[in-house]
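Peer 1: Pasting in a structure now, in structure tokens, and then I'll have a few things to ask.
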Amino acid sequence: MVKPTRVTNSIRALRFAADEMTQAELAERVGVTRQTIIAIEQGKYSPSLEIAFLIARALGTTLDDVFQYPIAHHDEEHTE
């Protein structure tokens, strides 16, 4: 079983902002299946970097606007 990703995304909201683009339309523009878009939207699958860039481009925005990754305490460096 695939472990769900900690990466979150705004794909659904961005699709609606982009003239209510359907999952099928986004999938066609990116070159993946609708099922792949569904899995990515639901956080069940983390796309490759290439697919992530293609999704952002298809939505007319940047990677940072589409995908977010939580900052954990152990990720932070202490500086003096």
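The values are calculated or read from the model by the stated rules, or taken from the named source; none is laboratory data. Not measured: the values here are computed from a predicted model. Don't worry about glycine lacking a Cβ; one is built from the backbone with ideal geometry, like all the others, and counts go over all protein chains shown. Heavy atoms of the whole protein, side chains included, go into the accessibility calculation; ligands, DNA and RNA do not. Shrake-Rupley method; radii C 1.70, N 1.55, O 1.52, S 1.80 Å.
Peer 1: Under a 5 Å amide H to amide H cut-off, with H placed in plane at 1.01 Å, what residues pair with Asn9 once short-range neighbours are removed?
Peer 2: Result for Asn9 returns Gln68.
Peer 1: Rounded to whole Hz and in sequence order, give me ³J(HN,Hα) for segment 23-37 from the Karplus expression 6.51 cos²θ - 1.76 cosθ + 1.60, θ = phi - 60°, writing x for Gly and Pro.
Peer 2: Karplus-based 3J(HN,Hα) across segment 23-37 equals 4, 5, 5, 5, 4, 5, 5, 8, x, 10, 7, 4, 4, 5, 4 Hz.
Peer 1: Rolling a 1.4 Å sphere over the protein heavy atoms, what is the accessible area per residue of the chain, to the nearest Å²? Kindly include the intermediate steps, with their values, before the conclusion.
Peer 2: Values: 6000 Å² over 80 residues.
Accessible surface, normalised per residue, equals 75 Å².
Peer 1: Shifting gears a bit: Counting only protein heavy atoms and a 1.4 Å probe, tell me what percentage of the chain's accessible area is made up of carbon and sulfur. Provide the component values of the computation, followed by the final result.
Peer 2: On the way: 3140 of 6000 Å².
Carbon and sulfur atoms account for 52 percent of the accessible area of the chain.
Peer 1: Each residue of segment 46-55 in order: what ³J(HN,Hα) in whole Hz does its phi give by Karplus 6.51 cos²θ - 1.76 cosθ + 1.60, θ = phi - 60°, with x for Gly and Pro?
Peer 2: Whole-Hz 3J(HN,Hα) from phi for segment 46-55: 9, x, 5, 4, 4, 5, 4, 5, 5, 4.
Peer 1: Projecting each Cα onto the charge dipole of the chain (Lys/Arg +1, Asp/Glu -1 at the beta carbon, about the Cα centre), which of Ala24, Thr62, Ser46 comes out farthest on the positive side?
Peer 2: Ala24
Peer 1: With only alpha-carbon atoms in the gyration tensor, what are the semi-axes of the equivalent ellipsoid for the chain, in Å, largest first?
Peer 2: Semi-axes, largest first: 26, 15, 10 Å.
Peer 1: Here's another thing I want to ask about it. Just from its helices, what would the mean residue ellipticity at 222 nm be for the chain, if runs of 4 or more DSSP H residues each count -39500 (n - 2.57) and the sum is divided by every residue, rounded to the nearest 500 deg cm²/dmol? Please report the intermediate quantities before stating the final value.
Peer 2: Details: 5 runs with 37 residues, N = 80.
The helix contribution divided over the chain gives -12000 deg cm²/dmol.
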